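For reference, the structure is listed below as structure tokens.
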Amino acid sequence: MKTSRVVFLLLITLLISCIEARYKLSEGKNTSMSQHYKRPLFASTNTNAVMTLNNFEKGGDGGGPSECDGEYHSNNLLIVALSSRWYNHGQRCLNYINIYYKEASTQAMVVDECSGCGDDIVDASSAVWVALGVSQSDWGETGITWSDA
């Protein structure tokens, strides 16, 4: 009984910390999450890719609803569309991938196929770009690596 209380309190503390970090990020007070998410030392399983900016909302440049669930998604969510070969006929649908940019990393959920994209594209929501601390002047296309989470 005592152990479950401690675990519950730890989870609440972690949740509050995450909410505070998200609030600071959205207020422009913390433009880099790199102090929280460091690139692992052994990244040999990472795949090189080009990250592009996608709008997953209705009327956005992502086209129709996402392939994985038939829904449109807020650009405030950490979500991506993968090139067809990585999307692999939906094998990665609703699974998370790790995305690495310089010394920062984040996780994002695969919600769509980037059909018509090149073979090495991770098409990401604006929330992913923010979480990785990419300067807004550099948004559009940048080199990254990624791996399955």
For this session: Determine, yes or no, whether Glu103 is assigned by TED's automatic domain parsing to the domain that holds Gly60 and touching a Phe, Trp or Tyr at 6+ places or on another chain (Cβ under 7 Å).
Result: no
For this session: Output yes when any residue across segment 86-96 is hydroxyl-bearing (Ser, Thr, Tyr), more than 18 Å from Thr45 (Cα to Cα) and out of contact with any Lys or Arg (no Cβ under 8 Å at 6 or more places or on another chain), and no when none is.
Result: no
Exercise. List pairs: first in segment 126-149 and surrounded by fewer than 18 Cβ atoms within 10 Å (Cβ to Cβ), second part of a helix (DSSP H, G or I), Cβ under 7 Å, 6+ apart or cross-chain?
Worked result: Trp139/Trp129
Problem set entry | Meets criteria (among the hydrophobic types (A, V, I, L, M, F, W, C) and surrounded by fewer than 16 Cβ atoms within 10 Å (Cβ to Cβ)) for Leu77 | yes
For this session: Check off (1) of a type outside the set (Lys, Arg); (2) modelled with pLDDT of 90 or more; (3) more than 16 Å from Ala149 (Cβ to Cβ); (4) loosely packed, with under 13 Cβ neighbours inside 10 Å for Gln35 and give me the number that stays unchecked.
Result: (2)
For this session: List every residue pair whose Cβ atoms lie under 8 Å apart, where the two residues are 6 or more positions apart in sequence or sit on different chains, the first residue falls within segment 93-114 and is touching a residue at least 40 places away in the same chain (Cβ under 8 Å), and the second residue, located anywhere, is of a type in the set (Phe, Trp, Tyr) and surrounded by fewer than 18 Cβ atoms within 10 Å (Cβ to Cβ).
Result: Gln107/Tyr96; Val110/Tyr96
Problem set entry | Residue identified as assigned to a strand (DSSP E or B) and among the charged types (D, E, K, R) among Asp61, Asp123, Asp69 | Asp123
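The values are calculated or read from the model by the stated rules, or taken from the named source; none is laboratory data. Since this is a predicted model, take the numbers as computed values, not measurements. No Cβ is skipped: glycine too gets one built from the backbone with ideal geometry, and neighbour counts run over all protein chains shown.
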